[in-house]
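Remarks on the structure that follows.
Laboratory data are not the source of any read-out in this text; all were calculated from the coordinates shown. These figures come from a predicted structure and were not determined experimentally. Here the Cβ positions follow ideal geometry from the backbone for every residue, glycine too, while neighbour counts run over all protein chains shown.
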Amino acid sequence: MVFKVAEKFVSINGEGTKAGQPAVFIRLAGCNLRCSYCDTMWANSFDAPHEKMTEEEIAGYVRSTGIKNVTLTGGEPLLADNVQTLLDALSETGAEVEIETNGSTDISVCDSISPRPTVTMDYKLPSSGMESHMLLSNFSLLQSTDTVKFVAGSDDDLERALEIIKHYDITNRCRVFFSPVFGKIEPAKIVDFILKNKLNGVNFQLQLHKFIWDPDKRGV
């Protein structure tokens with residue numbers, strides 16, 4: 001199989017449960033959403049600049065790095081044809097595989113992979129402009145090792161995230177992270193909201209890579 005790799009690089013995880021740890025990133029071209037705050041818009045077109053690589057070539061690159069955490073991202077990686085083949089190949093490297101998905105596509109494909117990749121799934125809040133695309137059935141597929149990520153840019157976003165957490169009992173299903181849309185909301189406002197609502201099990205995070213490097217820098 002051939003995959004459109006928009007970017008591949010080694011850096012640290014900027015967010016999530018392994019924030020600060022070394023990771024190999026494989027970014028596939030193409031996304032079905034157009035979030036207002038997207039920081040990888042250049043990779044969202046299915047004909048975005050890319051190199052064509054087979055699953056064996058991608059797995060070989062991962063092995064060559066000597067890094068044990070692998071993040072498959074995009075775009076929206078679950079839209080790639082035969083993505084299960086790629087996930088199988090990455091799993092066979094012995095690496096710990098994480099897939100970052102935008103919340104609009106079925107995550108059940110991960111269940112047939114052994115060992116199963118961890119899923120970091122966005123829930124797109126109102127300011128993204130994409131909330132109507134969320135596939136709510138994904139909440140029933142989440143496992144305790146998975147993560148739901150809420151990227152908030154306004155007070156309305158925070159209130160909506162609270163509604164979703166309560167309605168789907170997410171903190172008892174998996175890990176939950178809140179982070180700010182960079183430059184759109186004060187981080188302290190999110191922390192205050194978490195404390196005010198006694199959101200046990202919710203983690204606050206900043207995107208580390210945007211503070212270490214230029215926020216618009218690629219390959220980090």
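Within segment 37-48, which residues are surrounded by 15 or more Cβ atoms within 10 Å (Cβ to Cβ) and among the aliphatic types (A, V, I, L, M)? Residues satisfying the conditions are Ala43, Ala48. In this structure, is Ala152 in contact with a Leu (Cβ under 6 Å, 6 or more places away or on another chain) and of a type in the set (Gly, Ala, Ser)? It is true that Ala152 is in contact with a Leu (Cβ under 6 Å, 6 or more places away or on another chain) and of a type in the set (Gly, Ala, Ser).
Only one of the numbered conditions (1) farther than 30 Å from Val10 by Cβ; (2) touching a residue at least 24 places away in the same chain (Cβ under 8 Å); (3) hydroxyl-bearing (Ser, Thr, Tyr) is not met by Ser179, and that is (1).
In segment 67-92, the residues that are among the polar types (S, T, N, Q) reach residues that are part of a helix (DSSP H, G or I) with C-beta atoms within less than 6 angstrom, at least six apart or across chains, in these pairs: Gln84/Val109; Thr85/Glu55.
Considering only residues in segment 1-31 that are out of contact with any His (no Cβ under 8 Å at 6 or more places or on another chain) and small (Gly, Ala, Ser), the one that is farthest from Arg63 (Cα to Cα) turns out to be Gly30.
Checking each residue in segment 20-36 for being buried (at least 16 other Cβ atoms within 10 Å of the Cβ), in contact with a strand residue (DSSP E or B) (Cβ under 8 Å, 6 or more places away or on another chain) and part of a loop (DSSP other than H, G, I, E, B) picks out Ala29, Gly30.
The set of residues from segment 25-59 being over 20 Å from the mean Cα position of the chain (by Cα) and among the basic types (Lys, Arg) comprises just one member, Lys52.
When residues in segment 182-213 are screened for being over 25 Å from Ser11 (Cβ atoms) and in contact with a Phe, Trp or Tyr (Cβ under 9 Å, 6 or more places away or on another chain), 5 of them pass.
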